[in-house]
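Input: a single structure, listed below in structure tokens.
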Amino acid sequence: MAKYDTIGATYAQTRMADPRIAAAIQEAIGDTASVVNVGAGTGSYEPPTTVLAVEPSKVMLSQRSTVAAPAVQALAEALPLRDNAVDVALAVLTVHHWHDLARGMAEMKRVARSRIVLFTWRPEMMARFWLLREYLPAAAVTDARVAVPLDALAAMLPGASLRVQPVPIPHDCTDGFGAAYWRRPHAYLDPRVRAGISMLATTDPAELAPGLEQLRSDLQTQRWHARHARLVEQESLDVGYCIVIVDL
Ligand SMILES: C[S@@+](CC[C@H](N)C(=O)[O-])C[C@H]1O[C@@H](n2cnc3c(N)ncnc32)[C@H](O)[C@@H]1O
């Protein structure tokens, strides 16, 4: 059973594509390029020119809209496409889940004629995010174990040049991923929100409990607000999320 068959049941409720991030991804892809969306999930950020969505989890596939691109149940590590089948291979917030990342990246390169576009994050910056640094060190351990450093990605694409565009996260981001609630700390106390964030959903709840209790208390006493007064004034925050563009 795919991991997201277990943790993805409420994905479509808390993980709505954010329009600003969608626009940045679309710009990286270009308007006319044919696309394979790998690790497509429920279809967030899927450009209209997508010819195929590839997704291993039945539970995620079942949450796709009826008007979304055709989808197949398959893995990045064995893409059901011929060589050079599409202009662009897209992978959004998924490479950290692949069981054989090098093979998956080789497959993206094989099927894409001109470009690979990834939306991912820099683990070394995520480690400094207040939630992990001050409250949930066990989740920081999970993230450090699964997240993919950009130099590891580059090493898997020898000879290719990577362009990295930082994506600051808006304070009202509609896609509830790991650091999306950087200015809405109460959200992390909601089990439904945590269920949509894999680094929290896959960390032992008993290890998260003390930090969540501390966060609850710090929000009640306004200690969190005192400590993060400058954060509350910001419209967006660079937590390490980025678009990686690989021209082939
Ligand atoms: C955080 S979700 C992202 C889904 C979608 N791209 C989005 O932005 O909403 C990660 C997705 O990667 C998928 N996934 C996990 N392992 C995979 C693999 N080996 N190949 C392709 N997709 C995989 C999961 O099933 C899940 O749907």
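Would you confirm whether or not the stretch 95-103 contains a residue that is surrounded by fewer than 22 Cβ atoms within 10 Å (Cβ to Cβ), at pLDDT 95 or above, touching a Leu at 6+ places or on another chain (Cβ under 8 Å) and among the small types (Gly, Ala, Ser)? No, every residue in the stretch 95-103 fails to be surrounded by fewer than 22 Cβ atoms within 10 Å (Cβ to Cβ), at pLDDT 95 or above, touching a Leu at 6+ places or on another chain (Cβ under 8 Å) and among the small types (Gly, Ala, Ser). You will find that of GLU27, GLU107, the residue that is at pLDDT 95 or above, out of contact with any Gly (no Cβ under 8 Å at 6 or more places or on another chain) and surrounded by fewer than 20 Cβ atoms within 10 Å (Cβ to Cβ) is GLU27 and no other. Taking into account only those residues within the stretch 126-183 that are touching a Cys at 6+ places or on another chain (Cβ under 6 Å) and surrounded by 19 or more Cβ atoms within 10 Å (Cβ to Cβ), which is nearest to THR42 (Cα to Cα)? Checked the stretch 126-183; the qualifying residue nearest to THR42 (Cα to Cα) is ALA180.
Quick test for you: out of THR14, THR6, pick the one residue that is more than 13 Å from ALA89 (Cβ to Cβ) and in contact with a Lys or Arg (Cβ under 7 Å, 6 or more places away or on another chain). Residue meeting the stated conditions: THR14. Within the stretch 209-237, residues that are free of Cβ contacts under 8 Å to residues at least 40 places away in the same chain sit with their Cβ atoms under 8 Å from residues that are of a type in the set (A, V, I, L, M), at 6+ positions apart or across chains, in these pairs: ARG216/LEU189; LEU219/LEU189; TRP224/LEU215; HIS225/LEU219; HIS225/VAL232. Evaluate the following for ARG183: is it more than 16 Å from the ligand (Cβ to nearest atom) and in contact (Cβ under 8 Å) with a residue 60 or more places away in the chain? So ARG183 does not fit the description; no.
Across the stretch 106-144, the number of residues qualifying as in contact with a strand residue (DSSP E or B) (Cβ under 8 Å, 6 or more places away or on another chain), not in a strand (DSSP E or B) and not charged (D, E, K, R) comes to 2. In the condition set (1) more than 18 Å from ARG103 (Cα to Cα); (2) within 16 Å of the ligand (Cβ to nearest atom), PRO166 is compliant with all but (2). The helices (runs of 4 or more DSSP H) located wholly in the stretch 191-248 that include 3 or more residues which are surrounded by fewer than 18 Cβ atoms within 10 Å (Cβ to Cβ) occupy 205-220, 223-227, 229-232.
In this structure, SER34 does satisfy being closer than 24 Å to LEU162 by Cα and among the polar types (S, T, N, Q).
Conditions tested, residue by residue: (1) under 19 Å from ARG15 (Cβ atoms); (2) crowded, with 20+ Cβ neighbours inside 10 Å; (3) free of Cβ contacts under 8 Å to residues at least 12 places away in the same chain; (4) of a type in the set (Phe, Trp, Tyr).
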site: ALA53; (1), (2), (3), (4): yes, yes, no, no
site: SER57; (1), (2), (3), (4): yes, yes, no, no
site: SER62; (1), (2), (3), (4): yes, no, yes, no
site: VAL67; (1), (2), (3), (4): yes, no, yes, no
site: PRO80; (1), (2), (3), (4): no, no, no, no
site: ASN84; (1), (2), (3), (4): no, no, no, no
site: VAL88; (1), (2), (3), (4): no, yes, no, no
site: ALA91; (1), (2), (3), (4): yes, yes, no, no
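So which pairs qualify, if the first residue must be in the stretch 187-203 and of a type in the set (Ser, Thr, Tyr), the second must be not in a helix (DSSP H, G or I), the Cβ gap must be under 7 Å, and the two must be at least 6 apart or on different chains? Hits for this filter: TYR188/TYR181.
The values are calculated or read from the model by the stated rules, or taken from the named source; none is laboratory data. From a predicted model like this one, the values you see are computed outputs, not experimental measurements. Glycine also receives a Cβ, built like all others from the backbone with ideal geometry; neighbour counts cover every protein chain displayed.
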